[in-house]
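Shown next, in structure tokens, is the structure this report addresses.
The values are calculated or read from the model by the stated rules, or taken from the named source; none is laboratory data. Keep in mind that what you see is a predicted model, and the values were worked out from it rather than measured. No Cβ is skipped: glycine too gets one built from the backbone with ideal geometry, and neighbour counts run over all protein chains shown.
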Amino acid sequence: MTAAVLPGVGALMELAEVDLDGPREGEVLVKIAASGLCASDLNALDGKRNLVPFPAVLGHEAAGVVVECGPGVTGLATDDPVVLSIVPRCGLCSHCRAGRPNYCSTAGAAMGAGGLFDTTSRLSWTGRRLNHFLTVSSFAEYAVVPASGAVRVPAAMPLDRAALLSCAVLTGVGAARRTARVRPGSRVVVIGCGGVGLNIVQGARMAGAERILAVDIGEDKLALARTLGATDTVSALHDDPVTAARDLFGGADYAFEALGREQTIQTAWASLDVHGRLVLVGLLASGARLTLDADPFVNEQSVQGCYFGSSDLTTDVPELAERYLTGELLLDELITRRITLTDLDEGFDALRRAEGSRHVLTFD
């Protein structure tokens, strides 16, 4: 099959014919229909975070159709449309048993090794091992993944939009609804209106927030944020977000930072009202340290981390698909451009420049 191989940090993608072994116990083979270009892919490509050994096939925000089920797979069948995910679950580790499947230790070990649950790879290139990325590797025509990382969606769900559910939507909507548990009538600030930030805006709207202030430097992203539910917007190029939050509604009950930068985290922290909560959604560079003004702690402000929107695939993916089909969740508006494998490097350049909300790789 054809795949985009990344030889190492900072390299260009190499389109190549690679070999893919069939699914083993508890795995499925999926024909990829679409895969979004995500900051996590870019973080691995640019070396911001150590996410995968190289060479590897990147891509994780994906949807496709099941082609073959390995031994022991239940609940999925050939021709099922599915959303793939970076948080498959083994069901046996302490985190899975405690109801925290997005922290499955078996999946974590697999990701670190660049393999699947047994840490081995199904991918090879010129006789050498190729590594999987976050147990998915969707910048390819096909992928073998753990069955627990593939969730069926309705046949009516367009797969290029379904792919967005896999990461940006689960993370953003989940950050608001699951991690922070935004209350109806609350005041929300969202700093960074990329693919995840825009979905935090949607999640806050769906949770019933009364005021949602979206902050970015791109006027097109701010306009889209209003379409998705922001009641107010501010360009950080021209105005101070903290002043805007104070003037508009007296400060926020929840502030979400979706960029992974210390300066914008400090801005989000300063925008909170008494008892406000800062939720860190953007990923900081590996080894980064964070400094915050300590004074607001006397106001009982708090800081909370967020991973994958505290999501549960088995319930959240079908629910979000249904909300899209009923018109409550907006996905069409998020897609800036559909590209092919040959456009990947250009697509990541656009992501580095923070252009658009989501570029989506599609296969005919």
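From the list Gly327, Gly356, which residue is part of a loop (DSSP other than H, G, I, E, B), exposed (fewer than 13 other Cβ atoms within 10 Å of the Cβ) and on the phi > 0 side of the Ramachandran plot?
Working: Gly356 fails: exposed (fewer than 13 other Cβ atoms within 10 Å of the Cβ).
Every option except Gly327 fails the conditions.
Exactly one condition in (1) closer than 23 Å to Glu27 by Cβ; (2) modelled with pLDDT under 95 is false for Ala98; which is it?
Ala98 satisfies every listed condition except (1).
Which numbered condition trips up Asp247, out of (1) in a loop (DSSP other than H, G, I, E, B); (2) without any contact (Cβ under 8 Å) to a residue 24 or more places away in the chain?
Checking Asp247 against (1) in a loop (DSSP other than H, G, I, E, B); (2) without any contact (Cβ under 8 Å) to a residue 24 or more places away in the chain, the one that fails is (1).
Condition test on Ala255, is it at pLDDT 95 or above and part of a helix (DSSP H, G or I)? So that I can check it myself, show each step before the final result.
On the way: at pLDDT 95 or above: yes; part of a helix (DSSP H, G or I): no.
Judged against the criteria, Ala255 is not a match.
Please verify whether Thr106 is of a type in the set (S, T, N, Q) and buried (at least 17 other Cβ atoms within 10 Å of the Cβ), treating the condition exactly as stated. Give the derivation first.
Values: of a type in the set (S, T, N, Q): yes; buried (at least 17 other Cβ atoms within 10 Å of the Cβ): yes.
Here the answer is yes, as Thr106 does meet what is asked.
Which residue pairs have Cβ atoms closer than 8 Å, lie 6 or more positions apart in sequence or on different chains, and pair a first residue in the range 157-183 that is touching a residue at least 40 places away in the same chain (Cβ under 8 Å) with a second residue that is acidic (Asp, Glu) and buried (at least 24 other Cβ atoms within 10 Å of the Cβ)?
Filtered contacts from the range 157-183: Ala163/Glu61; Leu164/Glu61; Ser166/Glu61; Cys167/Glu61; Ala168/Glu61.
Name every residue in the range 141-172 that is among the hydroxyl-bearing types (Ser, Thr, Tyr), buried (at least 24 other Cβ atoms within 10 Å of the Cβ) and more than 18 Å from Gly75 (Cα to Cα), in order of residue number.
Taking the range 141-172 as the starting set, the residues that turn out to be among the hydroxyl-bearing types (Ser, Thr, Tyr) are 142, 148, 166, 171.
Those still in the list that are buried (at least 24 other Cβ atoms within 10 Å of the Cβ) too: 148, 166, 171.
Within the range 141-172, Ser166, Thr171 meet the criteria.
Just one of (1) more than 21 Å from the chain's Cα centre (by Cα); (2) crowded, with 17+ Cβ neighbours inside 10 Å trips up Gly309, so point out which.
So the condition that Gly309 fails would be (1).
Picking from Ser138, Ser186, Ser121, which residue would you name as being surrounded by 24 or more Cβ atoms within 10 Å (Cβ to Cβ), at negative phi, touching a helix residue (DSSP H, G or I) at 6+ places or on another chain (Cβ under 9 Å) and among the hydroxyl-bearing types (Ser, Thr, Tyr)?
Values: Ser186 fails: surrounded by 24 or more Cβ atoms within 10 Å (Cβ to Cβ); Ser121 fails: surrounded by 24 or more Cβ atoms within 10 Å (Cβ to Cβ).
Within the list Ser138, Ser186, Ser121, the selection yields Ser138.
Can you find, within the range 17-38, the residue that is farthest from Leu159 (Cα to Cα) among those that are buried (at least 24 other Cβ atoms within 10 Å of the Cβ) and either charged (D, E, K, R) or within 20 Å of the chain's Cα centre (by Cα) (or both)?
Out of the qualifying residues, it is Glu27.
When you scan the range 1-47 for strands (runs of 3 or more DSSP E) that lie fully inside it, which ones turn up with 3 or more residues that are touching a residue at least 24 places away in the same chain (Cβ under 8 Å)?
Numbers: elements: 2-5, 14-17, 27-36.
Strands (runs of 3 or more DSSP E) meeting the threshold: 2-5, 27-36.
Of the residues Val73, Val87, only one is among the β-branched types (Val, Ile, Thr) and under 18 Å from Pro318 (Cα atoms); which?
On the way: Val73 fails: under 18 Å from Pro318 (Cα atoms).
Sole residue among the options that is among the β-branched types (Val, Ile, Thr) and under 18 Å from Pro318 (Cα atoms): Val87.
Residues of the range 210-229 being among the charged types (D, E, K, R), surrounded by fewer than 19 Cβ atoms within 10 Å (Cβ to Cβ) and either more than 19 Å from Leu331 (Cβ to Cβ) or at pLDDT below 95 (or both), which ones? Steps first, please.
At the first step, the residues of the range 210-229 found to be among the charged types (D, E, K, R) are 210-211, 216, 219-221, 226.
Still in the running and surrounded by fewer than 19 Cβ atoms within 10 Å (Cβ to Cβ): 210, 219-220, 226.
Matches in the range 210-229: Glu210, Glu219, Asp220.
Looking at this structure, is Arg337 surrounded by fewer than 18 Cβ atoms within 10 Å (Cβ to Cβ), at pLDDT 90 or above and closer than 23 Å to Lys31 by Cα? Give the derivation first.
Details: surrounded by fewer than 18 Cβ atoms within 10 Å (Cβ to Cβ): yes; at pLDDT 90 or above: yes; closer than 23 Å to Lys31 by Cα: yes.
Taking the combined requirement at face value, the residue satisfies it.
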